[in-house]
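See below for the structure under consideration.
Every number in this text was worked out from the coordinates using simple rules, so none of it is lab data. Bear in mind the structure is a predicted one, so any value in this text is a computation, not a measurement. Reconstructed Cβ throughout: ideal geometry from the backbone, glycine too, with neighbour counts over all protein chains shown.
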Amino acid sequence: MGHEIFLQAHFQGGSQNIPTSDVLACFSPFITARKDAWIDLEFTETDSCAIYFDTTSPSIDHMMVSRPCGDKRLFRCIFQVMKLGNFVLFEPGVDRFIVLREAVIAHLPEGMAEALGEARIAPNFESFIEAYESA
């Protein structure tokens, strides 16, 4: 069964556009394939995943990580992406969401924070991993 991680960027309740080239740069050392709607990442022979977003658009406001592997380098890349804007990370069936700064919560659409559950603030990579793993 598949597992997904969703990331969305928001500004004042709406979408926040982040340059696609900046997002791709966060993953660039591990990209093994790039298509219009996704990139494939490989960290080791057994650690890989796909990330879905419009790679042809000049900017994006969301992405989905399909079957995230356990390699910490994937999460370092995700952390770098989240630093590019007001990103929120959430997973279906998990009653928590992660943001890097408390101020990001005010940018989420009305009711989103309440619907996603407990907020976890993760200003550095160590706290980000801890927030993710303690779901």
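Tabulated data for the structure shown
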item: Helix-derived mean residue ellipticity, 222 nm - over the chain, DSSP H n ≥ 4, -39500 (n - 2.57), to 500; result: -6500 deg cm²/dmol
item: Per-pair calculated FRET efficiency, R0 = 22 Å: residue 4 and residue 59 via Cβ, rounded to 0.05; result: 0.50
item: Potential extension, residue 25-residue 66 segment - 0.36 nm per residue separation minus Cα distance; result: 12.9 nm
item: Computed lengthening from residue 115 to residue 34, 0.36 nm per intervening residue step minus Cα-Cα distance; result: 25.9 nm
item: Compactness of the chain as Cα Rg over 2.2 N^0.38 Å, two decimals; result: 0.99
item: HN-Hα J in Hz across region 26-32 - Karplus 6.51, -1.76, 1.60, θ = phi - 60°, x for Gly and Pro; result: 5, 9, 3, x, 10, 6, 10
item: Share, in percent, of DSSP beta bridges within region 4-133 that are antiparallel, nearest 5; result: 85
item: Length-normalised contact order of the chain in % [C-alpha pairs under 8 Å, at least 6 apart]; result: 27
item: Stretch in the chain that is longest and holds no GluC sites (Glu not before Pro) that DSSP places in a loop and that have at most 12 other beta carbons within 10 Å; result: 46-109
item: Inter-site label distance for residue 15 and residue 47 at 7 Å from Cα along Cβ, in nm; result: 3.2
